[in-house]
Amino acid sequence: MKRILLYFFLLCTFTTQAQKILTLEQAIDLALKNNYDIRLAQNDAAITANDYAYANFAFAPRVNGTASKVWNTTQTKQEFLNGSKRDTSGIHSRNFSANVSLSWTLFDGLKMFATRQKLEAMRNLGELAVKDQLVNSVANIIAGYYNIVQQKQQLRNVSEQMSISEERVKLSDAKFQTGLGPKTDWLQSKVDYNAQKAAYLRQQTLIEQSKSALNQLMAVEAGNTGYDVQDSIPLNMSLSYGELRQQILQKNTGLLVAQQNLTVSQLQLKESKGDYFPVINFNSGYNYSRVNSNAATNSFSPVYNQNGVLNYGFSATIPIFNGFNVKRQVQDARLNVDYQQLMLENTRTKVALSLSTAFQDYEYYKTAVTLEEENMLLARENVMVALERFKQGVSTSIELREAQQSLEDGFNRLINARYNIKLAETQLLRLNGTLIN
């Protein structure tokens, strides 16, 4: 009766989950829309793109204007040596002034050209950083999704072992009741059966935890695990090392980001060298002022005064000595170029090593899958034979348990080999930049 209830529960569970299948494509689509790392990279790229949108204004003149209006009230009382007095209190005046100035940099050691090129390079770097994050996030989604598939297959493996162990319990109990077998066989089979029930519950927990981890990558609610995944892991068994190596230098996003970082640092060096040269500006301005008073403070003061002055000319700022600050900045920029060059070389060697390692894993697990698939057929047949021999009383429970353990281990190795092939395949496609278009 317990067995019937267990199978009914499992059937209901899988039927309910089968109504909500989450495909890998759907998981990737959710991640591309919601993943926080992708959105942060996109935000950084938007900032650099916005900076570049205004890059050409570095060549434009700078125009500034100021204006002010002041009201004055004068209260003056004077007494002179000859005894005369003068009271000019109550004089009101209005002062208005305005100024427009223009400054246009005509030459700064070509620094403004280097700045524009640097902003363009940083915009391109932002786009590459987004693509690199996309590739890494998709790789993580694939690994997380098929980890759930692997855990689901492990659950089926445990369920199959439970069925065999339950049959062992029944046979051992029947033999014990009829005096054909010792009680220790029945006790051991019961212990094994209970252990597998615990493993089944643990495996269900692992699946829920794996779904929560996938949810985090998709940026959806962690507790929203009421979905199922596909049953199998599709494998690409035809990847070629030569083709992957040819594509990796042109398409690997990590290498492209490192190369772009080097370009940005070279332009920063060029920008810093511009401070060695004088800066030539064209300057122009117009000043306007007007004063209105209701009375004059003395016979020489006007009650109305208006002035307008236009000026223009050139100025040159020549660096003579600033504590070797420019020299220090140029040296720092040159060291940064050397650093980025080393980073590029280091990235190139790491990518080459990762490619070699991933392809070796790929080839190994391809062979392992073929071998384990053959072992599975043999192990299943061995269990059936051992179970039949145990029924007929020509073998012991130890022999049946060993056959059962071989089947369980073989199934685990096959599941792990398939999953590891997928991980190696994903890593290879990530390295050569073809994981996403």
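For the residues TRP104, TRP186, TRP71, a 1.4 Å probe over the protein chains yields an accessible-area ranking, largest first, of TRP71, TRP104, TRP186. In this calculation the C-beta distance from LEU310 to THR88 is compared with R0 = 41 Å, giving a FRET efficiency of 0.75.
Hydrodynamic estimate: the Kirkwood radius of segment 20-111 over Cα pairs, inserted into Stokes-Einstein at 37 °C and 0.692 mPa s, corresponds to D of 153 µm²/s.
Given 0.36 nm per residue, what is the gain on full extension from ASN412 to ASP338 after removing their alpha carbon distance, in nm?
Values: separation 74, 0.36 × 74 = 26.64 nm, distance 4.92 nm.
Contour length minus Cα-Cα distance gives 21.7 nm.
Percent of Cα pairs in segment 199-347 per distance bin of 5 Å, from zero to the largest separation: 2, 6, 7, 7, 6, 6, 7, 8, 7, 6, 6, 6, 5, 5, 4, 4, 3, 2, 2, 1, 1, 0. Remark: segment 124-197 projects, on average over all directions, an area of 5.7 nm² (convex hull of Cα atoms).
Per-residue accessible area (protein heavy atoms, 1.4 Å probe) orders PHE57, PHE107 as PHE57, PHE107, starting from the largest. Taking all Cα pairs closer than 8 Å and separated by 6 or more residues, the relative contact order of segment 290-437 comes to 23 percent.
Each residue was assigned an accessible area with a 1.4 Å probe, and for LYS175 the value is about 30 Å².
Evaluate the relative contact order of segment 151-220 (contact order divided by residue number), counting alpha-carbon pairs under 8 angstrom at least 6 apart; express in whole percent. Display every interim value, and only then the final one.
Working: 41 pairs, mean separation 27.5, N = 70.
Relative contact order here is 39 percent.
With Cβ to Cβ distances under 14 Å as the rule, what net charge do the other residues near ASP332 carry (K, R +1; D, E -1)?
Computed value for this residue: +2.
Going by the alpha-carbon gyration tensor, a ≥ b ≥ c the square roots of its eigenvalues, is segment 337-433 rounded (a/c under 1.5) or, if a/c is not under 1.5, prolate (a/b greater than b/c) versus oblate? Prolate. With protein chains left intact and a 1.4 Å probe, residues in the chain average 58 Å² of accessible area per residue.
Short-range pairs are left out: with C-alpha atoms under 8 Å and at least six residues apart, the relative contact order of the chain is 23 percent.
Centroid-to-centroid, using Cα positions, segment 207-245 and segment 102-124 are 46 Å apart.
Accessible area of PHE277 (1.4 Å probe, protein heavy atoms only, ligands and nucleic acids ignored): about 100 Å².
For segment 394-405, 3J(HN,Hα) computed residue by residue from phi via the Karplus equation (6.51, -1.76, 1.60; θ = phi - 60°) reads 9, 9, 9, 5, 5, 4, 5, 5, 5, 5, 5, 5 Hz, glycine and proline entered as x. When segment 152-239 is described by a simple charge dipole with +1 on each Lys and Arg Cβ and -1 on each Asp and Glu Cβ, the residue from ALA213, PHE176, GLN203 located farthest towards its positive end is PHE176.
For segment 276-373, what value does the Rg/Rh ratio take when both radii are computed over Cα atoms and Rh is the Kirkwood radius, given to two decimals? Can you show the working numbers first?
On the way: Rg = 36.3 Å, Rh = 22.2 Å.
Over the Cα atoms of segment 276-373, Rg/Rh equals 1.63.
Atom-type composition of the exposed protein surface of the chain places 56 percent of the accessible area on carbon and sulfur (1.4 angstrom probe). Note: segment 102-150, Cα convex hull, 64 Å³ per residue. Each residue of segment 106-120 was assigned a 3J(HN,Hα) from its phi angle through the Karplus expression (A = 6.51, B = -1.76, C = 1.60, θ = phi - 60°), giving 8, 8, 9, x, 6, 5, 5, 5, 5, 5, 5, 5, 5, 5, 5 Hz with x at Gly and Pro. Rounded, prolate or oblate: pick one for segment 49-176, where a ≥ b ≥ c are the square roots of the eigenvalues of its C-alpha gyration tensor, a/c under 1.5 means rounded, and failing that, prolate if a/b is larger than b/c, else oblate. Oblate. Remark: spin-label model distance ILE47-GLU221 equals 3.3 nm, labels positioned 7 Å along the Cα→Cβ axis. A 1.4 Å probe, protein heavy atoms only, puts the accessible area of SER284 near 30 Å².
Under a 5 Å amide H cut-off, with hydrogens placed 1.01 Å from N, GLY433 pairs with THR253 among residues at least 5 apart or on other chains. Distance between the 7 Å Cα→Cβ label points at ALA352 and ALA295: 9.5 nm. The listed residues ASP185, ASP44 rank as ASP44, ASP185 when sorted by accessible area, largest first, using a 1.4 Å probe.
Could you state the orientation-averaged shadow area of the convex hull built on the Cα atoms of the chain, in nm² to one decimal? Please list the in-between numbers first.
Working: hull surface 163.1 nm².
Directional mean of the projected Cα hull area for the chain stands at 40.8 nm².
The values are calculated or read from the model by the stated rules, or taken from the named source; none is laboratory data. As the structure is a prediction and not an experimental result, all values here were calculated from the model. We place every Cβ from the backbone using ideal geometry, glycine too, and count neighbours over all the protein chains shown. Side chains are part of the model used for accessible areas, which takes the heavy atoms of the whole protein and leaves out ligands, DNA and RNA. Shrake-Rupley method; radii C 1.70, N 1.55, O 1.52, S 1.80 Å.
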